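Below: the structure, in structure tokens.
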Number of protein chains: 2
Amino acid sequence: VNANADDLAIAIDLGGTQIRAALIDRQGVIHIRCAEPTRATAGPETVIGQIAALAAKAREGFDAKRIIGAGVSSPGPIDTMRGVALAIPTLMGFNDFPLRARLEGRLGMTVALENDGISAALGEWRHGAGKGISNLVYVTVSTGIGGGVILGNRVLRGRQGMAGHVGHMSFMQDGETCACGNRGCFEAYASATAFTRRAIMRAAADPATRLGKTSEPIDAAAVFEAARQGDGLAKALVQEEAQYLGQGFASLLHLFNPDVLIMGGGLSNQFDDLQGDIVASLQSSAMPAFRNTPIRRAALGENSGLHGAASLIFEGA
Amino acid sequence: VNANADDLAIAIDLGGTQIRAALIDRQGVIHIRCAEPTRATAGPETVIGQIAALAAKAREGFDAKRIIGAGVSSPGPIDTMRGVALAIPTLMGFNDFPLRARLEGRLGMTVALENDGISAALGEWRHGAGKGISNLVYVTVSTGIGGGVILGNRVLRGRQGMAGHVGHMSFMQDGETCACGNRGCFEAYASATAFTRRAIMRAAADPATRLGKTSEPIDAAAVFEAARQGDGLAKALVQEEAQYLGQGFASLLHLFNPDVLIMGGGLSNQFDDLQGDIVASLQSSAMPAFRNTPIRRAALGENSGLHGAASLIFEGA
């Protein structure tokens, strides 16, 4: 890979609900960005076609010689050492599927493939809330919980590039069923999905709450809004969510001893309302030596993964 | 550090119950080994005196010029970047104590300080069950649970060298009280201490078991022996222990994606009786892509930490 200041990378963030594409330069400037809903049940051929079409759209009008590769963030678990999707729960048909080779053939350029948690961590490290930091844990709290870890200025990948699946720490014996099929995972308690499910269940049983009493659906944003307006159930739900997050984050501090833990994903939009209780939970769950680790909100919003994908091309995997 | 084949290192394994010292060469041969009970409540001055006396004993009769430094494994959490013991729960008075500087003064040589879990992981990596492996998680299951991780041929240390405290993953909401002061840690369920506590409690309530019915005390070895002889309660206790270990190990596979997970510590003496149920538990707790990771018994027994401490001197920290 040469290091021309004019270089551009195509970045693809393949998600279970959306595919995002962007054209990004070495400085992290996004020149073009486009997205469309993922045809998640249509099988790999269709999804690869969607990716190719978005990539074509992103590069349209730019000199092909400037585009030095495509970085692709994908839901895991993906063996990024071999470039093979082992089994993507959110995308039908991606089982033992040679994703990197197929994308390289279709896009006609070098493709670097990365698990989505690691990709977002990379993005925040290179251009976001983790810039210049040597040791960081990134946790995305959204439909599920994912993450990625940088320690000693190196991305932790492990044997197959599948390290950092922080949502699937065993969090409760015989606990709630998780999307991964197991029980009691951190994700099954602290994801936005779990949060909303608790809200819907408890609102139905609580005559005092305003949640569910209007035509407004009960989603995460509605619960936070009700909590800000003093709704008792909503406040308790927010506090409980923060407590789960703090306990999970405490585990991650003990395991990785980072300079900072960065929270991203949809629920990080409510970071200001969660932070106090997350820190309180951390203070009671972490050993004293680990308690002063700052918890910070991700800076790149929905673009963390795109920036990370591009950085695979610019910085090397 | 020069690289003379004649070089020797003093290795110290400071534990809550014993201090071990050894003189080890570059090839991992232990020339001298000695130990004494730790005067754990007598304060740092006394303990440093014990270490110095054991180090003097270990080097006695060897040419001082061959001894290039001392590696010290210590219970954590220790900030090994600064060489400061932050607070060692098992040793009285080691709070914000400049352990490395004080040892260097007393021993009159370079001292490399390492958290005990990382030190044992290093020992197994250099000379034991992890030799030649690029990605490994080491877990010691003993009075407590500790560990250390090597990924991409690098030791994970994090900001203060305190990464790898695997015993303090949050394992159960509002669960058993842990020695660290928190509740529901992995250690509070799966350590040898927790195992023995369960055995004593349940034996008292079970007229059918032979455990506790003789003059023999109920310790881990007695439970495993009874299980081998067909005792129903003992078999159930062993299976439950293996299940907890498997669930905790599954979390570690998701977080680190190692080539192998190595189990050491006192309970690994019973590895053959645990392995089947650990693997069964792992199979049901780990996501499919992670399930084929081998679980292996540590090879160096009580000397893992000593070998790791010596390797700090030979290989560099």
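The values are calculated or read from the model by the stated rules, or taken from the named source; none is laboratory data. Only a predicted model underlies this, so the values are computations on that prediction, with no experimental measurement involved. Glycine also receives a Cβ, built like all others from the backbone with ideal geometry; neighbour counts cover every protein chain displayed. The protein model used for the area step is the full one, side chains on, heavy atoms only, and it has no ligands, DNA or RNA in it. Shrake-Rupley method; radii C 1.70, N 1.55, O 1.52, S 1.80 Å.
Annotation note: of B:R33, B:R20, the sole residue that is open to solvent by 20 Å² or more (accessible area, probe 1.4 Å), in contact with a strand residue (DSSP E or B) (Cβ under 7 Å, 6 or more places away or on another chain) and under 17 Å from B:L103 (Cα atoms) is B:R20. When B:A121, B:A85 are checked against the criterion of being open to solvent by less than 10 Å² (accessible area, probe 1.4 Å), aliphatic (A, V, I, L, M) and in contact with an Asp or Glu (Cβ under 9 Å, 6 or more places away or on another chain), B:A85 stands alone in meeting it. For the stretch A:84-95, does any single residue satisfy the condition of being away from chain B (no Cβ under 13 Å), under 19 Å from A:G316 (Cβ atoms) and not polar (S, T, N, Q)? Checked the stretch A:84-95: no residue is away from chain B (no Cβ under 13 Å), under 19 Å from A:G316 (Cβ atoms) and not polar (S, T, N, Q).
Quick check on the stretch B:99-118: of everything there that is in contact (Cβ under 8 Å) with a residue 60 or more places away in the chain and open to solvent by 40 Å² or more (accessible area, probe 1.4 Å), which residue is farthest from B:P258 (Cα to Cα)? In this case the residue turns out to be B:T110. Take the residues in the stretch B:143-156 that are surrounded by 23 or more Cβ atoms within 10 Å (Cβ to Cβ) and either over 26 Å from B:A194 (Cβ atoms) or of a type in the set (S, T, Y) (or both); name whichever of them is nearest to the other protein chains (Cβ to nearest Cβ). The extreme case among them is B:L151.
Among the criteria (1) more than 17 Å from the chain's Cα centre (by Cα); (2) at negative phi, the one B:G16 does not fulfil is (1). The single residue among B:G147, B:G161, B:G167 that is part of a strand (DSSP E or B) and of a type in the set (G, A, S) turns out to be B:G147. Cβ-Cβ contacts under 6 Å between residues 6 or more apart (or on different chains), taken from a first residue in the stretch B:171-185 that is in a loop (DSSP other than H, G, I, E, B) to a second residue that is open to solvent by 90 Å² or more (accessible area, probe 1.4 Å), are listed as B:D174/B:R183; B:G175/B:R183. For the stretch B:175-191, a tally of residues being small (G, A, S) and buried (at least 24 other Cβ atoms within 10 Å of the Cβ) returns 3.
The conditions of being more than 21 Å from A:G28 (Cβ to Cβ), away from chain B (no Cβ under 14 Å) and without any contact (Cβ under 8 Å) to a residue 24 or more places away in the chain are met by A:A64. Against the list (1) within 11 Å of chain B (Cβ to nearest Cβ); (2) part of a loop (DSSP other than H, G, I, E, B), the condition A:A129 fails is (1). Against the definition (part of a helix (DSSP H, G or I) and either aliphatic (A, V, I, L, M) or within 14 Å of another protein chain (Cβ to nearest Cβ) (or both)), how does B:M201 come out, yes or no? Judged against the criteria, B:M201 is a match. Here A:R228, A:R297 are screened, and the one residue that is modelled with pLDDT of 95 or more and within 18 Å of the chain's Cα centre (by Cα) is A:R297.
Selection of first residues in the stretch A:218-234 that are under 15 Å from A:N269 (Cα atoms) and of second residues that are aromatic (F, W, Y) and not in a loop (DSSP other than H, G, I, E, B), restricted to Cβ pairs under 7 Å at least 6 apart or on distinct chains, gives the following pairs, ordered by first then second residue: A:A220/A:F195. In a residue-by-residue description of the stretch B:195-209, the property of being among the hydroxyl-bearing types (S, T, Y), in contact with a strand residue (DSSP E or B) (Cβ under 8 Å, 6 or more places away or on another chain) and open to solvent by 10 Å² or more (accessible area, probe 1.4 Å) applies to no position.
Contact map, the stretch B:193-210: first residue farther than 15 Å from B:A222 by Cα, second residue surrounded by 15 or more Cβ atoms within 10 Å (Cβ to Cβ), Cβ cut-off under 6 Å, separation 6 or more or different chains; pairs are B:D206/B:L233. If only residues of the stretch B:276-314 that are part of a loop (DSSP other than H, G, I, E, B) and more than 14 Å from chain A (Cβ to nearest Cβ) are counted, the one that is surrounded by the fewest Cβ atoms within 10 Å (Cβ to Cβ) is B:A299.
Checking each residue in the stretch B:248-275 for being part of a helix (DSSP H, G or I), within 14 Å of chain A (Cβ to nearest Cβ) and in contact (Cβ under 8 Å) with a residue 60 or more places away in the chain picks out B:G248, B:F249, B:S251, B:L252, B:L253, B:F256.
Considering the stretch A:157-174, the residues that are open to solvent by 10 Å² or more (accessible area, probe 1.4 Å) and either in contact with a Lys or Arg (Cβ under 8 Å, 6 or more places away or on another chain) or farther than 16 Å from A:L86 by Cα (or both) include one that is farthest from the other protein chains (Cβ to nearest Cβ), namely A:D174. A count restricted to the stretch A:1-19 and to residues that are in contact with a Ser or Thr (Cβ under 9 Å, 6 or more places away or on another chain) and of a type outside the set (A, V, I, L, M) stands at 5. Here are B:D7, B:D13, B:D96: which of them is surrounded by 15 or more Cβ atoms within 10 Å (Cβ to Cβ) and within 30 Å of A:N257 (Cα to Cα)? Residue meeting the stated conditions: B:D13. I'm checking my understanding of the structure. Among residues of the stretch B:283-302 that are in contact with a strand residue (DSSP E or B) (Cβ under 7 Å, 6 or more places away or on another chain) and not hydroxyl-bearing (S, T, Y), which one is nearest to A:T80 (Cα to Cα)? The qualifying residue nearest to A:T80 (Cα to Cα) is B:A289. Candidates are the residues of the stretch A:241-267 that are over 22 Å from B:C178 (Cβ atoms) and surrounded by fewer than 22 Cβ atoms within 10 Å (Cβ to Cβ); the one that is farthest from the chain's Cα centre (by Cα) is A:D259.
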